[in-house]
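Structure first, then comments.
Here, each number is a calculation from the coordinates, and none is a lab measurement. Please read all numbers here as calculations on a predicted model, not as lab measurements. Virtual Cβ from ideal backbone geometry, glycine too; neighbours counted across all protein chains shown.
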Amino acid sequence: MSEEQIKNLEAQFEARIARDEKIEAKDWMPEKYRQTHIRQMSQHAHSEIVGMLPEGNWITRAPSLRRKVALLAKVQDEAGHGLYLYSACETLGISRDELYDQLHSGKAKYSSIFNYPTVTWADMGAIGWLVDGAAIINQVPLCNTSYGPYARAMVRVCKEESFHQRQGYEIMIKLANGTPEQKEMAQDALNRWWWPSLMMLGPTDAESIHTEQSMKWKLKRKSNDELRQQFIDQTVPQADLIGLTIPDPDLKWNEEKGSYDFGEINWDEFWQVVKGHGPCNKERMNARVGAWERGEWVRDAAMAYAEKQQQKKEKQVV
Amino acid sequence: MKDNLYKYILGIADNSLILGQRMGSLTGHGPSLETDIACTNISLDLFGQVRSYYQYAAKIAGDGRTEDDIAMLRKEREYVNVLLVEQPNTDFAYTMARQFLFDVYHLLLLNELQKSKDLTLSAIASKSIKEVSYHQRFSSDWIKRLGDGTDLSHQKMQDAIDALWAYTDELFHQTQADKVMVKEGVGVDVTKLKETYYKQVNEVLEEATLNIPESKYFQKGGKEGIHTEHMGYLLSDLQYMQRTYPNMEW
C-alpha cells in the first residue's frame, strides 16, 4: 500500500470514530490504534486477575457466611471480567498466553492499587467502596469507547462493578454503625485506602503521556484530574454519611468552584509502587507466576487429552 | 427427635462447609482462569447450600444460635464432616480427586434426600441437585483429563486417588442420629448407596485409565468429630473473625 493510500485509510478511520461508529475486529485500523488497545485492555484484564488476590486473601476468613458468599461471588466476577477482557483483547490478534507472558515478565502493568495489602476485614469494604468506586468512574465512559468488543465488554463489567461498589459501601456502613472496635477498623481501612484510591485515577494531567491520543479514540473522555475530582466529590459525602473521616486535613468544600479542594498527593509513593516497589508487588507477581507454573502440567494434560479424544473421533470416522 | 434431626442436618451440612472452605482458598491460584472460575463457583454453591442447612438447624435448635454461630463457633470435636473433605489442596490432582470422590456420593445422597419426609431437607436437596450434578461433571472430566492426559498427570492423579481412597469408606458409615433419622423416614440410608458409589467411581477411573485402588484399609472418625491434623488450621481461618471479635454483626 502506498503512503497516500494509508493516509486515506487513516482519514476514513478517524472520520468513522468522529461519527461515533464502532470499530470492529476485522476492520482496518492503524497499527498504533491496535497496540494502544492491546495495552489498555490487557492492562485492564491483568488488573482484574491480580485484583482477585488481595480480596481472595479474606475468603477463608470472612466473618459470616453471608459475607463469605458475597465475597466469593465478587472475586468470581473479577475472574469473569478478566476472561472477557482477555477475549476482547484477543480479537486484536494477540493470544492470552502472550498476554500472560507480558504480565509475568513485568512488561505489562496492572492497577497499582492491588499492590497494597489487605490486613483487616474492613479492607474488603474499603476496596469495594473506594477502589471499585474509582474504577467505575474510570470505566463508565469506556462503555462508549470506539472499539466495539471493548465497549461491549465494559457494559457488562460496569454493571457488576457498581454492584460491588454498593456491596463494599454496605460493609463499611455495617462497621461504622457497629461496636467501637468495628468503627475503628473501618476508619483505619479508609485511612490506608484513601490516598492509593486517588492515585488509582492516574498521574496528573501534566504527567500523563497517553491522554491526548486516547481522548481522540474515545478511550478516555475526561482527564485524570477531572476524574479524580469527580471521585472525591462523590465519595466525601458518603464518608460523612456514615461518620467516617477522610484522612486529608486540607479537604475543604470550595463554594466557588462547587467541588472539594484536597491535599497534595504523594506522587513519589505512586511512582515507587508503579515501578515495582510497593508493599506487595513481589507477592502479587509471585502468586500469579506461581499459579501459572504450578498449573503447567495441568494445562499440558488437558491439551494431550483433547488431542487423544480428537484422534479417537477421527479413527471412528475412518 | 429434634436433637437427632439437628445432628443429622450437621452431618450433611458440615461436609459442604469444609469442602467449600477448601475450594474457596484456591480462588486466584488455579492452573487457568477457567478452572479458577469453576472452583470458586463450586465453593459458592456449597456455601449457599450450607446456609440453607444451618438456617434450618438453627431453627430446630431453637436456642438463639444463628447460622454463623453454628458454622463458626463450634469446637473442632463438634464438627462432623467426613475426613475426605478436610484433606488439603496438595495439588490440582488432589483437589479434583477429593471433589470427585465427594461429588459422586453427594449426588447419590441428594437424590435420595429429595424423598425425605422432612420437607425442608427435601427442598434443599432438590435445589442443590442441579449444582452438584455440575460439580460431578466438572470433577469427572478432570479425572479423565488428568488420568488420560500426559504421563506426569496420570501419575499425579493416580497418587491422589490412591491417597484419598482411604477416606471413601467413611461416607457410608452411619451415626446413631443417622440411624434414627432413617427410621423416621427423614434420613438417607447411606449404606445402600455404597455399591452404586463404587460402581460409578470405578467407571470413571477406568475411563481415565487409572487403577482402582485395592487397599482395604480405610480411615474414619470425622463423623464422630475426630479429625485429621489438617482440620484445626482450617478452622483457625474459618473462625478467626468470630473468635477475635465475638458478638458482633457484620
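Quick look at the numbers
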{"read-out": "5 angstrom amide H check on A:SER259, placed H, neighbours 5+ away", "value": "A:ASN254"}
{"read-out": "Where a label projected 7 Å from the Cα of A:ARG19 along Cα→Cβ would reach, residues of region A:128-151 with amide N under 18 Å", "value": "A:145-148"}
{"read-out": "Cα-Cα P(r), region A:27-162, percent of pairs per 5 Å interval", "value": "2, 10, 20, 22, 18, 14, 8, 4, 1, 1, 0"}
{"read-out": "Aspartates and glutamates with Cα under 18 Å of A:LYS252, excluding same-chain neighbours fewer than 8 positions away", "value": "A:ASP225, A:GLU226, A:ASP233, A:ASP240, A:ASP261, A:GLU264"}
{"read-out": "Global form of chain A, assessed from the alpha-carbon gyration tensor, a/c cut-off 1.5", "value": "oblate"}
{"read-out": "Sparsely packed trypsin sites (Lys or Arg not before Pro) within region B:145-250, loop by DSSP, other Cβ within 10 Å at most 11", "value": "B:LYS216"}
{"read-out": "Inter-label distance, nm, simple model (7 Å from Cα along the C-beta direction), A:SER208/A:ASN144", "value": "1.7"}
{"read-out": "Label-to-label distance, nm, for residues given as A:LYS222 and B:ASN247 (7 Å Cα→Cβ offset)", "value": "4.6"}
{"read-out": "Full-stretch length increase - B:LYS59, B:LYS194 - with 0.36 nm per residue and alpha-carbon distance subtracted", "value": "45.5 nm"}
{"read-out": "Under 18 Å from the Cα of A:LYS32 - aspartates and glutamates, other chains or at least 8 residues apart", "value": "A:GLU3, A:GLU4, A:GLU10, A:GLU14, A:GLU24, A:GLU90, A:GLU212"}
{"read-out": "At 1.002 mPa s and 20 °C, Stokes D of region A:242-318 from Kirkwood alpha-carbon radius, µm² per second", "value": "116"}
{"read-out": "Qualifying GluC sites (Glu not before Pro) in region A:259-318, DSSP loop, other Cβ atoms within 10 Å at most 12", "value": "A:GLU264"}
{"read-out": "Most to least packed among A:154-160, B:4-10, A:29-35, A:114-120 [average Cβ atoms within 10 Å]", "value": "B:4-10, A:114-120, A:154-160, A:29-35"}
{"read-out": "Kirkwood Rh (inverse of mean 1/r, distinct Cα pairs), region A:178-282, angstrom", "value": "15.6"}
{"read-out": "Amide H within-cut-off set for A:TYR147, under 5 Å, with H built and near neighbours excluded", "value": "A:ILE23"}
{"read-out": "Charge dipole magnitude, Cβ of K and R +1, D and E -1 - chain A, Cα centre, debye nearest 20", "value": "1320"}
{"read-out": "Estimated distance in nm for a label pair at B:LYS115 and B:TYR134, the labels positioned 7 Å out from Cα along Cα-to-Cβ", "value": "2.7"}
{"read-out": "Convex hull volume per residue in cubic angstrom - Cα atoms of the protein assembly as shown", "value": "183"}
{"read-out": "Above-threshold pairs, the threshold being 26 Å between Cα atoms, out of B:LYS156/B:LYS192; A:LYS220/A:LYS257; B:LYS2/B:LYS183; B:LYS115/B:LYS199; A:LYS109/A:LYS308; A:LYS26/A:LYS275", "value": "B:LYS156/B:LYS192; A:LYS109/A:LYS308; A:LYS26/A:LYS275"}
{"read-out": "Relative contact order [Cα under 8 Å, 6+ residues apart], chain B, whole percent", "value": "25"}
{"read-out": "Helical segments meeting 24 Å axial Cα length and Kyte-Doolittle 0.5 threshold in chain B (DSSP H)", "value": "B:92-113"}
{"read-out": "Neighbour cut-off at most 15 other Cβ (10 Å), DSSP loop, trypsin sites (Lys or Arg not before Pro), region A:35-108", "value": "A:LYS107"}
{"read-out": "Theoretical FRET efficiency, 1/(1+(r/R0)^6), r = Cβ-Cβ of A:GLU269 and B:LYS127, R0 56 Å, to 0.05", "value": "0.70"}
